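Below is one structure, written out as structure tokens; the observations come after it.
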There are 2 protein chains.
Amino acid sequence: MSTTRAPDPARRNPQVTAAILEAALAMAREDGLARVSIEGIAARAGVGKRTIYRWWPSKGAVVLDAWAQRLEERLHRRLEATQTDDFEADLKLMVKDAWIDTIGDTRGVLASIVAEAQHDPDLAAEFRKRLISPASALVAERIRRAQADGQVAADIDPYRAIELIYAQLYYRLLIVPGPHDEAYVNDVADLAMRGLRP
Amino acid sequence: MSTTRAPDPARRNPQVTAAILEAALAMAREDGLARVSIEGIAARAGVGKRTIYRWWPSKGAVVLDAWAQRLEERLHRRLEATQTDDFEADLKLMVKDAWIDTIGDTRGVLASIVAEAQHDPDLAAEFRKRLISPASALVAERIRRAQADGQVAADIDPYRAIELIYAQLYYRLLIVPGPHDEAYVNDVADLAMRGLRP
């Protein structure tokens with residue numbers, strides 16, 4: 001845990017940065033974040049430990065950065081593209097895009113970031129700022145439109161609706177593991193929609 | 001991680017066991033499981049490390065045992081007592097009893113057990129066997145009765161209903177932290193019931 005913030009990432013050497021992030025993500029996928037070390041990332045990326053500590057406060061921060069970069073551009077583009085007039089169809093697409101097509105086989109990295117965040121408040125804050133908050137804002141906007149269109153009950157807080165939907169997926173990731181396949185993500189949306197309809 | 005099973009716990013010395021479990025739970029509450037060590041537990045309980053390793057395969061297993069013993073008798077007694085004719089009232093009581101009155105200020109210990117379980121498959125299996133499965137079986141039984149009484153839609157899998165309800169509480173514990181106060185647990189039940197009613 002560190003309370004210092006990393007310097008402006010725009011000043012990082014892009015090739016060195018790419019090598020570090022690639023090494024961090026590969027090692028987190030292979031071994032889980034708990035078994036990754038800054039030493040290991042540095043060795044695999046061919047850089048010194050100090051180069052990593054200059055830009056990231058912890059191993060969790062490097063892995064989160066690597067995982068988030070892989071996801072966020074693609075995910076947000078997809079969420080923004082999900083703009084039909086049918087909220088239920090959009091919801092199924094959003095959940096499928098996020099959990100099957102985008103997170104996909106890096107589910108274990110997500111689980112290990114959430115795990116590490118339980119004892120690293122800085123990582124937890126960065127995880128929410130970088131991933132949960134922007135994704136939730138986009139979904140909340142879509143829910144508000146569905147409320148205006150009469151497809152979602154107007155008296156439901158969009159953020160509580162997001163919890164009702166997405167919490168199911170995290171429960172299956174973290175508490176009682178099971179596949180996030182298409183049948184399951186459709187069922188997540190179906191079950192949530194039973195409660196969200198006017 | 002260990003693949004060996006602990007010997008029959010009935011053969012443990014009750015006073016030594018109590019001292020170890022008390023030390024483990026106290027340290028997990030103070031510092032979180034990630035910062036607890038078998039050495040630390042042994043020192044605080046006044047026993048040797050080998051005594052602990054004789055009965056538990058890992059620090060996670062000791063803390064889980066301590067936390068579960070504190071909870072399970074009380075929780076299951078309460079769940080079994082929750083048998084009115086009104087499922088929605090029972091649900092609110094069950095969630096409140098579990099998350100406010102029983103888990104209460106040991107929420108952080110639960111979060112750290114779930115975190116540790118992400119990279120310790122034995123601990124994950126024990127957590128589900130010891131806590132999730134028995135509690136879910138009791139709630140599923142209550143849901144089936146509500147289905148027979150026409151208070152919950154008959155076409156919903158009771159275990160998916162459990163996910164819909166309890167996943168919200170874990171999301172607030174692990175992903176976007178917030179208080180598990182009475183207003184929140186009532187809202188969890190209200191939002192789930194919107195989707196569970198026939």
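The values are calculated or read from the model by the stated rules, or taken from the named source; none is laboratory data. Predicted model, so just to flag it, every value in this text is computed and none were measured. Note: ideal-geometry Cβ built from the backbone for every residue, glycine included; neighbour counts use all protein chains shown.
Tabulated values for the structure
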quantity: So A:Val114, is it crowded, with 20+ Cβ neighbours inside 10 Å and either among the β-branched types (Val, Ile, Thr) or more than 30 Å from B:Asp122 (Cβ to Cβ) (or both); calculated: yes
quantity: Breaking point among (1) crowded, with 20+ Cβ neighbours inside 10 Å; (2) under 17 Å from B:Ala68 (Cβ atoms), for B:Ala146; calculated: (2)
quantity: Given (1) surrounded by fewer than 19 Cβ atoms within 10 Å (Cβ to Cβ); (2) within 16 Å of A:Tyr159 (Cα to Cα); (3) more than 8 Å from chain A (Cβ to nearest Cβ), index of the condition B:Asp187 fails; calculated: (3)
quantity: Count of the stretch A:153-184 residues which are more than 11 Å from chain B (Cβ to nearest Cβ) and crowded, with 16+ Cβ neighbours inside 10 Å; calculated: 2
quantity: Qualifying residue in the stretch A:148-160 (condition: more than 29 Å from B:Asn186 (Cβ to Cβ) and of a type in the set (Phe, Trp, Tyr)); calculated: no
quantity: Where B:Glu39 falls short, out of the listed (1) at pLDDT below 95; (2) part of a helix (DSSP H, G or I); calculated: (1)
quantity: All helices (runs of 4 or more DSSP H) inside the stretch B:74-161 with 3 or more residues being without any contact (Cβ under 8 Å) to a residue 40 or more places away in the chain; calculated: B:133-148
